1. Mind listing the long-range amide H neighbours of VAL59? Cut-off is under 5 Å, sequence gap 5 or more, other chains count too, H placed in the peptide plane at 1.01 Å from N.
2. Can you list the aspartates and glutamates whose alpha carbon is less than 13 Å from that of LYS17, not counting same-chain residues fewer than 8 positions off?
3. Near LYS166, which aspartates and glutamates are there with a Cα under 19 Å away, not counting those fewer than 8 places off in the same chain?
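Throughout, read-outs are computed from the coordinates displayed, never taken from laboratory work. Since the model is a prediction, treat every value here as computed from it, not as a measurement.
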Amino acid sequence: PEGSPDISPADCALAIKEKNDYAKQTDMGLYLATQFAFEAAPIFAWEKEIRAAGNELPVHIGVPGLATIKTLMRHSAHCGVGASVRFLTRNPVNVLKLTLKDSFLGKYVNAPSSEPSQLMRDLVTGLDADQDCLIQQCHLYPLGGLKKSAAWMYQVQDGEFELGSKGFTVR
């Protein structure tokens, strides 16, 4: 949704058009799968843009799993997830808290959650507001936190969470 440092926007648009054209000629169940992002706004802006340009393929959104802030930052840089890196670094105090949360000082730090619950809540809210949106599902990038990410997903799937104004809390 935030582009790629290796592919121009024009080339991305052409690839999406060609994939749509190919999908119309075959009976393959094609879809668009994205990089991970940390905020819903760029995701919805991108989806509306490609839909207006003629995309009819379902979209599967990449969601970051439960990983350390250091790992998230490293993967963000490698994947070219620019706006999302800016989201993480917008408040350096929270980045510091998230970093300390994963250290021996973690139990003393009141850090924001590194779970993707706020993003998931924002995606659900946005999907509810735009019935024509082509986002159909999410896929999780564990980013080195496979065990924690899998446990989190199973808890969400099993309904072991409580909704709040800033996402949800997994029990």
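1. Residues meeting the amide H criterion: LEU32, ILE135, GLN136, GLN137.
2. LYS17 reaches GLU49, GLU56.
3. The reachable aspartates and glutamates, counting only those whose Cα sits under 19 Å from LYS166, are GLU39, GLU115, ASP122, ASP128.
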